[in-house]
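Scroll down for the structure; my scribbles are underneath it.
The values are calculated or read from the model by the stated rules, or taken from the named source; none is laboratory data. Predicted model only: the values in this text are computed from it and were never measured. Here the Cβ is made from the backbone with ideal geometry for all residues, glycine too, and neighbour counts use every protein chain on show.
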Amino acid sequence: MVVNAAKVARQTSGYAVAWRGPDGAIAGGSLELDGADLVLRGAVHGGRTVSRRVPLDRVSAVRVGREPAERVRGAKSVILEVEGVGAIAVAPLGAAGAVFELSELVSSLRAG
(Lines give C-alpha, C1' and ligand atoms only; values in the text may rest on other atoms or scores of the structure.)
Protein backbone atom coordinates (compact mmCIF):
# COMPACT_ATOMS: atom_id res chain seq x y z
CA MET A 1 0.00 0.00 0.00
CA VAL A 2 1.40 3.42 -0.97
CA VAL A 3 0.56 6.26 1.40
CA ASN A 4 0.97 9.94 0.62
CA ALA A 5 2.29 11.54 3.85
CA ALA A 6 0.89 14.98 2.99
CA LYS A 7 -2.57 13.50 2.40
CA VAL A 8 -2.42 11.56 5.68
CA ALA A 9 -1.34 14.71 7.55
CA ARG A 10 -4.35 16.59 6.17
CA GLN A 11 -6.79 13.77 7.01
CA THR A 12 -5.47 12.68 10.41
CA SER A 13 -5.75 14.83 13.49
CA GLY A 14 -3.73 12.25 15.39
CA TYR A 15 -4.18 9.45 17.89
CA ALA A 16 -4.77 9.47 21.63
CA VAL A 17 -1.90 7.33 22.94
CA ALA A 18 0.13 6.21 25.90
CA TRP A 19 3.82 5.63 25.25
CA ARG A 20 6.97 4.39 26.94
CA GLY A 21 10.37 5.65 25.85
CA PRO A 22 13.73 3.95 26.27
CA ASP A 23 14.00 5.43 29.80
CA GLY A 24 10.89 3.47 30.87
CA ALA A 25 8.77 6.52 31.71
CA ILE A 26 5.15 6.23 30.56
CA ALA A 27 3.33 9.27 29.22
CA GLY A 28 -0.22 9.81 28.04
CA GLY A 29 -1.18 12.24 25.30
CA SER A 30 -1.20 12.30 21.52
CA LEU A 31 0.71 11.18 18.45
CA GLU A 32 0.58 13.37 15.34
CA LEU A 33 2.28 13.45 11.97
CA ASP A 34 4.30 16.65 11.38
CA GLY A 35 5.94 16.54 7.97
CA ALA A 36 8.32 13.59 8.02
CA ASP A 37 8.20 13.24 11.82
CA LEU A 38 5.97 11.53 14.34
CA VAL A 39 5.41 13.82 17.32
CA LEU A 40 4.43 12.47 20.74
CA ARG A 41 3.12 15.02 23.24
CA GLY A 42 1.68 14.48 26.68
CA ALA A 43 2.33 14.23 30.39
CA VAL A 44 4.06 11.75 32.68
CA HIS A 45 3.02 10.80 36.21
CA GLY A 46 3.02 13.98 38.28
CA GLY A 47 1.84 16.15 35.40
CA ARG A 48 5.17 17.13 33.84
CA THR A 49 4.69 17.71 30.11
CA VAL A 50 6.90 15.87 27.67
CA SER A 51 7.32 15.67 23.92
CA ARG A 52 9.36 13.51 21.61
CA ARG A 53 9.93 13.99 17.88
CA VAL A 54 10.66 10.81 15.92
CA PRO A 55 11.95 11.33 12.36
CA LEU A 56 10.44 8.61 10.16
CA ASP A 57 13.78 8.11 8.39
CA ARG A 58 15.33 7.06 11.74
CA VAL A 59 12.70 4.37 12.40
CA SER A 60 14.49 1.14 11.50
CA ALA A 61 11.65 -1.27 12.37
CA VAL A 62 7.96 -1.25 13.26
CA ARG A 63 6.06 -4.14 14.84
CA VAL A 64 3.12 -4.85 17.11
CA GLY A 65 4.16 -5.60 20.70
CA ARG A 66 1.96 -8.31 22.17
CA GLU A 67 4.15 -9.62 24.99
CA PRO A 68 3.41 -8.37 28.53
CA ALA A 69 6.73 -6.46 28.71
CA GLU A 70 5.95 -4.71 25.41
CA ARG A 71 2.49 -3.49 26.40
CA VAL A 72 1.83 0.02 27.66
CA ARG A 73 -0.72 0.25 30.47
CA GLY A 74 -1.76 -3.29 29.56
CA ALA A 75 -2.53 -2.47 25.91
CA LYS A 76 -0.87 -3.86 22.80
CA SER A 77 1.58 -1.35 21.42
CA VAL A 78 3.38 -0.38 18.25
CA ILE A 79 7.10 -0.81 18.85
CA LEU A 80 9.18 1.76 16.98
CA GLU A 81 12.88 0.88 16.81
CA VAL A 82 14.57 4.27 16.44
CA GLU A 83 18.22 4.50 15.38
CA GLY A 84 20.37 6.04 18.12
CA VAL A 85 17.46 6.08 20.59
CA GLY A 86 16.14 2.54 21.11
CA ALA A 87 12.61 1.22 21.31
CA ILE A 88 9.58 3.42 21.84
CA ALA A 89 6.32 1.59 22.59
CA VAL A 90 3.17 3.47 21.54
CA ALA A 91 -0.31 2.23 22.50
CA PRO A 92 -3.30 3.88 20.80
CA LEU A 93 -6.15 4.37 23.25
CA GLY A 94 -9.85 3.83 22.83
CA ALA A 95 -10.34 2.33 19.38
CA ALA A 96 -10.37 -1.40 18.71
CA GLY A 97 -7.84 -2.25 16.02
CA ALA A 98 -6.06 1.11 16.22
CA VAL A 99 -2.74 -0.56 17.11
CA PHE A 100 -2.78 -2.39 13.77
CA GLU A 101 -3.88 0.74 11.89
CA LEU A 102 -1.07 2.77 13.44
CA SER A 103 1.51 0.05 12.77
CA GLU A 104 0.46 -0.13 9.11
CA LEU A 105 0.44 3.67 8.76
CA VAL A 106 3.97 4.10 10.18
CA SER A 107 5.29 1.23 8.07
CA SER A 108 3.75 2.75 4.94
CA LEU A 109 5.08 6.22 5.69
CA ARG A 110 8.58 4.82 6.23
CA ALA A 111 8.42 3.06 2.87
CA GLY A 112 7.77 6.26 1.20
When restricted to VAL90, VAL39, the only residue crowded, with 19+ Cβ neighbours inside 10 Å and within 18 Å of TYR15 (Cβ to Cβ) is VAL90
Report every pair of residues separated by at least 6 positions or lying on different chains whose Cβ atoms are under 7 Å apart, first residue within segment 86-97 and farther than 11 Å from ARG71 by Cα, second of a type in the set (Asp, Glu) and outside any loop (DSSP other than H, G, I, E, B). ALA87/GLU81
If you go through segment 87-112 one residue at a time, how many are closer than 17 Å to ALA18 by Cα and modelled with pLDDT of 85 or more? 14
Scan segment 53-86 for residues that are under 13 Å from VAL17 (Cα atoms) and touching a Phe, Trp or Tyr at 6+ places or on another chain (Cβ under 7 Å) and jot them down. VAL72
For segment 53-62, name all the residues that are under 11 Å from the mean Cα position of the chain (by Cα) and of a type outside the set (A, V, I, L, M). ARG53
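Taking segment 30-76 only, how many residues are part of a strand (DSSP E or B) and without any contact (Cβ under 8 Å) to a residue 24 or more places away in the chain? Walk me through how you get there before you give the answer.
Within segment 30-76, the first condition is being part of a strand (DSSP E or B), and the residues that meet it are 30-34, 37-44, 49-55, 59-65, 72, 75.
Applying the additional criterion that residues be without any contact (Cβ under 8 Å) to a residue 24 or more places away in the chain yields 30, 32, 37, 39, 41, 43-44, 49, 51, 53, 55, 60-61.
Count: 13.
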